[in-house]
Structures are given as C-alpha cells and as structure tokens.
Amino acid sequence: GWDYDPEQVGRSLYDSLKILGLGLGASEREVNLAYQRLACLYHPDKWDQTHMITGMTLTETTAHFQLLNNAQSFLRATL
C-alpha cells in the first residue's frame, strides 16, 4: 500500500496527498482527478463491483472512503 498515516489524513498535507497516490507539489487538478478516480473505486455503493479489485471488506472500504473524503476536504481548503 501507500505510505501514509491514516491518523494524519485530513490533518497533514503529506498524508492527505499520499492516500490519493500523490506527492507534495501536486496541483489542485491532480488532486481532484485522483480523488474522483479513487472515490469511484472505494465508494461503499460500488463495493459489489470493486471488492475483487481492492481486496477490502465493505467495512474497510467504507473507512477508506471516509479517509479519501477527509483528504479531499483538507486539500480543498489547503491548496
């Protein structure tokens, strides 16, 4: 997986970018595109179609989706 601290997603720039698969210096456009792609993959409503790809349970998927939302909100306010 990616090297981020779930506790810091939505709090730290580094971890919020890392969960999106991005590095420091990513543009707002890159953040939006990465978020949209990952949100589609990890949205709990899509779990039936994506759990074979992600290997996550519905509970794990829901938690990861919430982290993606936290990252997006933080980055929208920060970048």
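The values are calculated or read from the model by the stated rules, or taken from the named source; none is laboratory data. These numbers come from a predicted model, not from an experiment. Please note: Cβ atoms are built from the backbone with ideal geometry, for glycine as well, and neighbour counts cover all protein chains shown. Just the protein is used for accessible areas: all its heavy atoms, side chains included, with ligands, DNA and RNA removed. Shrake-Rupley method; radii C 1.70, N 1.55, O 1.52, S 1.80 Å.
Of all residues in segment 1-53, those being open to solvent by less than 30 Å² (accessible area, probe 1.4 Å) and over 13 Å from Ala71 (Cβ atoms) number 1. Where helices (runs of 4 or more DSSP H) fall wholly inside segment 4-71, the ranges with 1 or more residues that are more than 14 Å from the chain's Cα centre (by Cα) are 28-42, 47-54. So for segment 59-71 (the condition being modelled with pLDDT of 95 or more, within 21 Å of Glu7 (Cα to Cα), open to solvent by 80 Å² or more (accessible area, probe 1.4 Å) and touching an Asp or Glu at 6+ places or on another chain (Cβ under 9 Å)), does at least one residue qualify? No.
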